[in-house]
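Take a look at the structure below.
The values are calculated or read from the model by the stated rules, or taken from the named source; none is laboratory data. Not measured: the values here are computed from a predicted model. Here the Cβ positions follow ideal geometry from the backbone for every residue, glycine too, while neighbour counts run over all protein chains shown. Remember, those area values only see protein heavy atoms, side chains included, never the ligands or the DNA or RNA. Shrake-Rupley method; radii C 1.70, N 1.55, O 1.52, S 1.80 Å.
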Amino acid sequence: KVVNQNIEKTEKLISEDKELIKDAEVVMKRVNNGWYSQLIQKDTSNLMLQEFRNDVNTMIVNTKARFVSINEILGQYSKNDYNKTGSSPQLADEINKLFDKVIKM
């Protein structure tokens, strides 16, 4: 009876892991195509996979926020408003270079 319970528990854990991995594959394909609106939703009792899920979701949210910021800055530039510069270190450098070149023009 105990062995059967352990088998059932193990099967449940494997099933949870597979579902999370399938969900992650779908989300990562969408992100690869530029869609940052979906996060990995599935849960598992596997702490390592949960941490992976949380890290990927955080990465998606942060990347989306950077793109939103860049779009806002470029939108302002298109309206001849050059008061705002980039906030992300690497992207800020490139946006600031663009800003400097536009000002020189």
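Some values worked out for this structure:
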| item | result |
| --- | --- |
| Candidates Lys104, Lys97, Lys22, Lys1, filtered to the one that is open to solvent by 90 Å² or more (accessible area, probe 1.4 Å) and either at pLDDT 95 or above or aromatic (Phe, Trp, Tyr) (or both) | Lys22 |
| Tally, over region 20-47, of residues that are under 25 Å from Glu94 (Cα atoms) and in contact (Cβ under 8 Å) with a residue 12 or more places away in the chain | 2 |
| Every pair of residues 6+ apart whose Cβ atoms lie under 8 Å, when the first sits in region 48-64 and is open to solvent by 70 Å² or more (accessible area, probe 1.4 Å) while the second is among the small types (Gly, Ala, Ser) and assigned to a helix (DSSP H, G or I) | Phe52/Ala24 |
| Residue within region 34-46 that is loosely packed, with under 12 Cβ neighbours inside 10 Å, more than 25 Å from Ala65 (Cα to Cα) and in contact with a helix residue (DSSP H, G or I) (Cβ under 6 Å, 6 or more places away or on another chain) present | yes |
| Residue within region 34-45 that is small (Gly, Ala, Ser) and either under 16 Å from Ile60 (Cβ atoms) or touching a Pro at 6+ places or on another chain (Cβ under 9 Å) (or both) present | yes |
